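Asker: Structure incoming, see below.
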Number of protein chains: 2
Amino acid sequence: MELDQLTECYKAMADKTRLNILALLRHEELCVCELVEILKMTQPSISQHLRKLKQAKLVKERRNSQWIFYSIDGEIYPFIKANLDALPDMSEKIEQLKQSGGKVCC
Amino acid sequence: MELDQLTECYKAMADKTRLNILALLRHEELCVCELVEILKMTQPSISQHLRKLKQAKLVKERRNSQWIFYSIDGEIYPFIKANLDALPDMSEKIEQLKQSGGKVCC
DNA sequence: TTAGTATATAACCATATGTTTATATAAAAT
DNA sequence: ATTTTATATAAACATATGGTTATATACTAA
């Protein structure tokens, strides 16, 4: 692949918050406010991280009325599956979100 | 894997020069002065990039008298092979180095 | 020991990055 | 239409990063 594209990919992954987001989206698509709640970060901060991931084509978005749901993309990277598989399991966080009533939606 | 370890890995890969170094080392181990010549960058700059790669355990070093040869490591990362395979082929650069008489060594 | 070569480290500086606060946009509900 | 909710963008600031120049270290050769 092109080095520039690869650099953009790894830059997008070179941040703990963004790896957390990818790890969460591996389980299921989530909207911004859900990520805000799980990660305990401000909404603008999460939005900017999502923008970077989207620009690197690691996630894609889908609008559903007020909400924008983000999900894993990365199909342009032949290695993406191997990298996602190395991310820690976040099912507990997703569980907590559902139990705290927050799921679908905010 | 641990998110902190993964973050360090992707930070180390999030730079075009360092991806170039990895792409070159995929072909064969190289010493600092060879990388300097191929990449047309200053020696301190290359050394600092190598340090980052080494700290992330993506490369290892082997001393041979005055020279320190760097080579690919990355064995702690289950996805490393897939990622290295996506790097562009650099055999032409290696060829040029050998023809310019520079190989083994400096 | 001294001089030379290969590499590492430190100090400095310019640019990039991530966070926060404030504001804008877009859709929904009233 | 106006208000509310969800998300995006902008401005400002502190910290991180990468490059350069200068210097230190490690090994070799004489």
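Asker: Taking segment A:35-49, which residues are of a type outside the set (Val, Ile, Thr), out of contact with any Asp or Glu (no Cβ under 8 Å at 6 or more places or on another chain) and within 16 Å of A:ARG18 (Cβ to Cβ)?
Answerer: Selection gives A:LEU35, A:LEU39, A:LYS40, A:MET41, A:GLN43, A:PRO44, A:SER45, A:SER47, A:GLN48.
Asker: Would you call A:ARG51 crowded, with 20+ Cβ neighbours inside 10 Å and farther than 21 Å from A:LYS98 by Cβ? Steps first, please.
Answerer: On the way: crowded, with 20+ Cβ neighbours inside 10 Å: no; farther than 21 Å from A:LYS98 by Cβ: yes.
In short, no.
Asker: Sticking with this structure for a sec: Name the pairs whose Cβ atoms lie under 6 Å apart, with the first residue in segment A:62-75 and within 20 Å of A:LEU22 (Cβ to Cβ) and within 14 Å of another protein chain (Cβ to nearest Cβ), the second more than 9 Å from DNA strand D (Cβ to nearest atom) and open to solvent by less than 40 Å² (accessible area, probe 1.4 Å), and 6 or more positions between them or separate chains?
Answerer: If the second residue must be more than 9 Å from DNA strand D (Cβ to nearest atom) and open to solvent by less than 40 Å² (accessible area, probe 1.4 Å), the pairs left are A:GLY74/A:LEU58; A:GLY74/A:ILE80.
Asker: Does B:LEU24 count as more than 17 Å from A:ALA14 (Cβ to Cβ), within 14 Å of another protein chain (Cβ to nearest Cβ), surrounded by 13 or more Cβ atoms within 10 Å (Cβ to Cβ) and in contact with a Leu (Cβ under 7 Å, 6 or more places away or on another chain)?
Answerer: Answer is yes for this residue.
Asker: Could you grab me the full set of residues in segment B:1-13 that are open to solvent by 10 Å² or more (accessible area, probe 1.4 Å) and assigned to a helix (DSSP H, G or I)?
Answerer: Of segment B:1-13, the ones open to solvent by 10 Å² or more (accessible area, probe 1.4 Å) are B:1-5, B:7-8, B:11.
Residues satisfying the conditions are B:LEU3, B:ASP4, B:GLN5, B:THR7, B:GLU8, B:LYS11.
Asker: Quick check on segment B:34-44. Is at least one of its residues within 14 Å of DNA strand C (Cβ to nearest atom), farther than 25 Å from A:GLN5 by Cβ and in contact (Cβ under 8 Å) with a residue 40 or more places away in the chain?
Answerer: The answer is yes, given that some residue of segment B:34-44 is within 14 Å of DNA strand C (Cβ to nearest atom), farther than 25 Å from A:GLN5 by Cβ and in contact (Cβ under 8 Å) with a residue 40 or more places away in the chain.
Matching residues to (1) farther than 23 Å from B:PRO78 by Cβ; (2) modelled with pLDDT under 95; (3) of a type in the set (Lys, Arg):
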| position | (1), (2), (3) |
| --- | --- |
| A:ASP4 | yes, no, no |
| A:ASP15 | no, no, no |
| A:LEU22 | no, no, no |
| A:CYS31 | yes, no, no |
| A:LYS52 | yes, no, yes |
| A:ALA56 | no, no, no |
| A:VAL59 | no, no, no |
| A:ASN64 | yes, yes, no |
| A:GLU75 | no, no, no |
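The values are calculated or read from the model by the stated rules, or taken from the named source; none is laboratory data. Only a predicted model underlies this, so the values are computations on that prediction, with no experimental measurement involved. FYI the Cβ positions are ideal-geometry reconstructions off the backbone, even for glycines, and counts take in every protein chain you see. Keep in mind that these areas ignore ligands, DNA and RNA; they rest on the heavy atoms of the full protein, side chains included. Shrake-Rupley method; radii C 1.70, N 1.55, O 1.52, S 1.80 Å.
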